[in-house]
Amino acid sequence: LPVEFYVSTGGGMVAEMFALYDLMRMVREDCGIHTFGIGKVMSAGTLLLAAGTKGKRKISKNCRVMIHNVAAGNFGTLPNLTNELEAIQQLQEDYITAMVENTKFTRKKLEKLLSEKVNIYLSAEEAVKYGLADEIM
């Protein structure tokens, strides 16, 4: 039986997002994952919606979708901050790679969107157009 995964979130921490994403990738090999975006799917939630089985990702007509760059904050000495910045840049690269693998975004298009705006809001129709979901419920 397929797993039904309902996504309605304002987002969350990138490490936890990747933990769920990796779990979804493992489960997807043995059974389908039907994802349903309802209410709001923002930040970390966008990758989780897109990570469902292609053809089985649905979004509600009035769902609000938002993507943005990886966000982080830290404090400490300059060497520590430099180290943290490198780690955050790697997380950003990993996020972009995962989004490109699971959507219709090209790397160039996604990087352009992320560089132009702080938060990118998409309608359900745009979410389908960009491949975050396959159909509107």
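The values are calculated or read from the model by the stated rules, or taken from the named source; none is laboratory data. What you see is a predicted model; the values in this text were computed from it and never measured. Using ideal geometry, Cβ is built from the backbone for each residue, glycine included, and neighbour counts are taken over all protein chains shown. Surface accessibility is based on the protein's heavy atoms, side chains included, excluding ligands, DNA and RNA. Shrake-Rupley method; radii C 1.70, N 1.55, O 1.52, S 1.80 Å.
Can you name every residue in region 10-34 that is more than 19 Å from Ile136 (Cβ to Cβ) and not in a helix (DSSP H, G or I)?
Gly10, Gly11, Gly12, Met13, Glu29, Asp30, Cys31, Gly32
Within region 1-14, the set of residues being within 12 Å of the chain's Cα centre (by Cα) and of a type in the set (A, V, I, L, M, F, W, C) comprises Val7, Met13, Val14. Looking at this structure, is Glu101 of a type in the set (Asp, Glu) and open to solvent by 80 Å² or more (accessible area, probe 1.4 Å)? Considered against the rule, which asks whether it is of a type in the set (Asp, Glu) and open to solvent by 80 Å² or more (accessible area, probe 1.4 Å), Glu101 comes out as yes.
Would a scan of region 80-90 turn up a residue that is open to solvent by 10 Å² or more (accessible area, probe 1.4 Å), among the hydroxyl-bearing types (Ser, Thr, Tyr) and over 22 Å from Asp134 (Cα atoms)?
yes
Going through (1) in contact with a helix residue (DSSP H, G or I) (Cβ under 9 Å, 6 or more places away or on another chain); (2) surrounded by 15 or more Cβ atoms within 10 Å (Cβ to Cβ) one by one, Lys61 falls short only on (2). Quick check on Thr53: is it without any contact (Cβ under 8 Å) to a residue 60 or more places away in the chain and more than 23 Å from Tyr121 (Cβ to Cβ)? Judged against the criteria, Thr53 is a match.
Tell me, which residue of region 40-52 that is over 16 Å from Met137 (Cβ atoms) and in a loop (DSSP other than H, G, I, E, B) is most open to solvent (accessible area, probe 1.4 Å)? The residue in question is Ser43. I'd like to know if region 14-25 contains one or more residues that are in contact with a Gly (Cβ under 7 Å, 6 or more places away or on another chain), surrounded by fewer than 20 Cβ atoms within 10 Å (Cβ to Cβ) and touching a residue at least 24 places away in the same chain (Cβ under 8 Å). Within region 14-25, not a single residue is in contact with a Gly (Cβ under 7 Å, 6 or more places away or on another chain), surrounded by fewer than 20 Cβ atoms within 10 Å (Cβ to Cβ) and touching a residue at least 24 places away in the same chain (Cβ under 8 Å). Taking the conditions exactly as written (in contact with a His (Cβ under 9 Å, 6 or more places away or on another chain), modelled with pLDDT of 95 or more, hydrophobic (A, V, I, L, M, F, W, C) and under 20 Å from Thr97 (Cα atoms)), does Met66 satisfy them or not? Considered against the rule, which asks whether it is in contact with a His (Cβ under 9 Å, 6 or more places away or on another chain), modelled with pLDDT of 95 or more, hydrophobic (A, V, I, L, M, F, W, C) and under 20 Å from Thr97 (Cα atoms), Met66 comes out as no. Taken over region 110-137, the criterion of being assigned to a strand (DSSP E or B) and surrounded by 12 or more Cβ atoms within 10 Å (Cβ to Cβ) is satisfied by Ile120, Tyr121, Leu122, Ile136.
Would you mind stating whether Gly37 is open to solvent by less than 40 Å² (accessible area, probe 1.4 Å), small (Gly, Ala, Ser) and in a strand (DSSP E or B)?
On the way: open to solvent by less than 40 Å² (accessible area, probe 1.4 Å): yes; small (Gly, Ala, Ser): yes; in a strand (DSSP E or B): yes.
The answer is yes for Gly37.
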